[in-house]
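Engineer: Dropping the structure in here first, questions after.
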Amino acid sequence: MMLDAGAETDVVNSVGRTAAQMAAFVGQHDCVTVINNFFSRARLDYYTKAQGLEKEPKLPPKLAGPLHKIIMSTNLNPVKMVLLVKENPLLASPSALDKCRRVMELICEKCMKQRDMNEVLAMKMHYISCVLAKCVSFLNERDDQLDGLVKSLLKGRDSDGFPVYQEKFIRECVRKFPYCDATLLQQLVRSIAPVSIGNDPTALSVLTQAITGQVGFMDAEFCTTCGDKGAQKRCSICKMVTYCGQACQKLHWFTHKKVCKKLEEQREEHQAQSNQVTGWLTSVTKSPRLCTHLLNLELNISHDSDQLFKKVM
Ligand SMILES: [Zn+2]
Ligand SMILES: [Zn+2]
């Protein structure tokens, strides 16, 4: 509310810290997320007015609303951004997107050149401009209203369903950040570059943590398709992926169907193993003699059961 009323996020307090840094210090991570990602509508509206000798504004006023919605989103999943573009007919044209992309680049530049440099916001603006540029090139090349781009971003590789195109795209966005000396860029590259594609952390999780301050994804389920928080629906077959709703599940099925069966088998195998261990443990705890006996035996159990065994014992 204070932010909407015009509170400045870049201002530092008496100990030289911004509001976001203070919030992080006291452990208010949701608060950090909101502050870091705050960009007032007024700052964007500046571009909807012709400045100086300009005949027309850089950003048509009707685009400010939908673009501001994208800027304020704390979900950096590119699929989510493309879906936001796709759902708005005003935005989903190459010329409109190109204008938005240029404004994002201008704001990025401003963030880097102003006295209180804001690398976080600059990186976010740059990233959005990259996603918008990708939308432009897909709209120019195909007439499928960005369906092809959504599919490319979601398509998983055959072995484990990992979305390789999406990972490579995000890495490329980070690499293309125009200010090579930025500390944030160097941190991101150091975290992302050594990870081989398909391993953790993903480029999206590193970028999200850097920009929104969100640490770990333990407390909520995220939609496998769009990355929205609070996804409740599970694939009824494998139960290994979650979605925010039926639309996202439908979008993902073309690629998930290739690994769903495999994931189901893995889950069942895992389940069977832990059932077996639970069975052993129940009989062990019921019989002290058997317990001693078993402990004296060299048990040939799998790594998973071994872990569980140790934990329970
Ligand atoms: Zn979703
Ligand atoms: Zn499934």
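Engineer: Among the trypsin sites (Lys or Arg not before Pro) within region 58-138, which fall in a DSSP loop and have no more than 14 other Cβ atoms within 10 Å of their own Cβ?
Structural biologist: Details: sites: LYS58, LYS62, LYS69, LYS80, LYS86, LYS99, ARG101, ARG102, LYS110, LYS113, ARG115, LYS124, LYS134; in loops: LYS58, ARG115.
Loop-located and lightly packed - ARG115.
Engineer: Continuing with this model, one more query. Lys and Arg at +1, Asp and Glu at -1: add these up for the other residues within a Cβ distance under 15 Å of SER95 and post the number.
Structural biologist: On the way: positive: LYS58, LYS62, LYS99, ARG101, ARG102; negative: GLU56, ASP98.
Around SER95, the surrounding residues sum to +3.
Engineer: Could you check the spin-label model distance between GLN276 and LEU53? Points 7 Å from the Cα along Cα→Cβ, value in nm.
Structural biologist: If labels sit at GLN276 and LEU53, their model points lie 7.9 nm apart.
Engineer: Further question on the same structure: Count neighbours as other Cβ atoms within 10 Å of each site's Cβ, and list the trypsin sites (Lys or Arg not before Pro) in region 136-219 that are DSSP loop with at most 14 such neighbours.
Structural biologist: Working: sites: ARG142, LYS151, LYS155, ARG157, LYS168, ARG171, ARG175, LYS176, ARG190; in loops: ARG142, LYS155, ARG157, LYS176.
Sparse-neighbourhood loop trypsin sites (Lys or Arg not before Pro): ARG142, LYS176.
Engineer: Over all directions, the average projected area of the alpha-carbon convex hull for region 94-188 comes to how many nm²? Before the final figure, lay out the partial values.
Structural biologist: Numbers: hull surface 28.0 nm².
For region 94-188, the mean projected area of the Cα convex hull comes to 7.0 nm².
Read-outs throughout are calculated quantities, based only on the coordinates presented, and are distinct from any laboratory measurement. For clarity, every value in this text was computed on a predicted model and none was experimentally measured. A quick note on method: Cβ atoms are made from the backbone with ideal geometry, for glycine too, and the neighbour counts reach across all protein chains shown.
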